[in-house]
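The values are calculated or read from the model by the stated rules, or taken from the named source; none is laboratory data. Not measured: the values here are computed from a predicted model. Side chains included, ligands, DNA and RNA excluded: accessible areas come from the protein's heavy atoms. Shrake-Rupley method; radii C 1.70, N 1.55, O 1.52, S 1.80 Å.
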Amino acid sequence: MSEAKGMVINMSLGSYWEIINLKNYRRLWIAQMLSGFGNSLYFVSLMWLVWNGTKSTLHSGFFAILYDVPQLLLGLWIGVVINRFSLKHVMVFSDLIRALGVIIVITCYFLDLLTINVLYIAIFIEGFMLVINRPANNAILPQIVPKDKLETANATTQISNRLVNVSGYGLAGVIVATVGALFSIIFNAISFLVSAFLINKIDKVVSLNKKKNSLVMDFKEGFKYLKQEPAIIIIFSIGILMNVGGAPITVLGPAYAEKIVNAGATGYGVLQATWLVGIALGAFFIGYLNTKKLWVTLGLGFCLQGVAQLAFALSNHLYLSMFFILIHGCFMSVANIPLFSFLQRYVPREQLTHVFSILGTLVMVVNPLAFAASGFLAEHIGIRLSYVLGSLLPLVASILIILPPWLRKADKSMTKEEVSI
């Protein structure tokens, strides 16, 4: 039995190597790793600057809100615009603008003009460009990777990005505490410029909209398609519960590190890094297990996320908190990767960016309210109880996934699609 398991793992590792050897995917992969490492340093540095400058969870919540507000402004219609351009050009443009936003922060730092408002503007620019970059990034994979390798490609991207983010988050706290935040910010600007160069070298990527319909017509076609696929909307609607429940992890991290486990900036970076290690481990296992039962995978992922967050909320020690946040991150990947692979296989290419942008908005539309609520609740009922309340939502979501039959029907539809390919 052990030999059989070994064969499965070796075959899986061979599949990962085969994906990396694809020239276009390799360029995208390296670009994502560089920008991911820089952005992890950047985000921790800015979040800590906000907390250190205000000592307010309300400001931390508002900072996180600004990161997601662009999704509300652009998400429903940006996909039909992206479809009219080469996806790589869209991604290059977004990387260059993101670099410009970081350069603004650097300039203000040297001119002694770095205020809380500048930090708000910087994170808003980053969120704005991410709304453009994310659906293009999700939709470009079927153009550069064979469909039967999408699960492995998504797992490879998830693993590598999370691992480099781990090093970024782990180093960020140390860098902030020793040499200051400027190094992290400068590195992030450089990483975006290099990422833009590498993505521009990707070939054989074209516009997805060959009909050149009007924007209004493309917009209506996207919603018409979604009406015919209610299972997709239901899946992402349940995903909203996970986003709301996990909001305290994003917003209250600095306050949790300082007040609950008494670990300061270094502890915040370590906890974030540990969370990303869990996400990477979950991605690796889901990549070689290649489960076919989506309802089982999502139900398990949601349930154990909730249990892990509840344990994290009750922990008083850094090492225990690291363990529980590791489990939380692991089962995030167990749910997320099969979900994205399902969409990339099932949705027609000309609808991919539109579907990803619309459904991304449906999932993210509640995030600003969830972030604000997390900050508000932490001020009034405490940090620990805010995490406890958040942990209940993924537990409810797991029940909604397991009991009704609709997701088991979606499993059958996905299987039919894979057979037809």
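Note on VAL261: accessible area is roughly 20 Å² with a 1.4 Å probe, heavy atoms of protein only. Cα convex hull, region 267-326: 66 Å³ per residue, rounded to a whole number.
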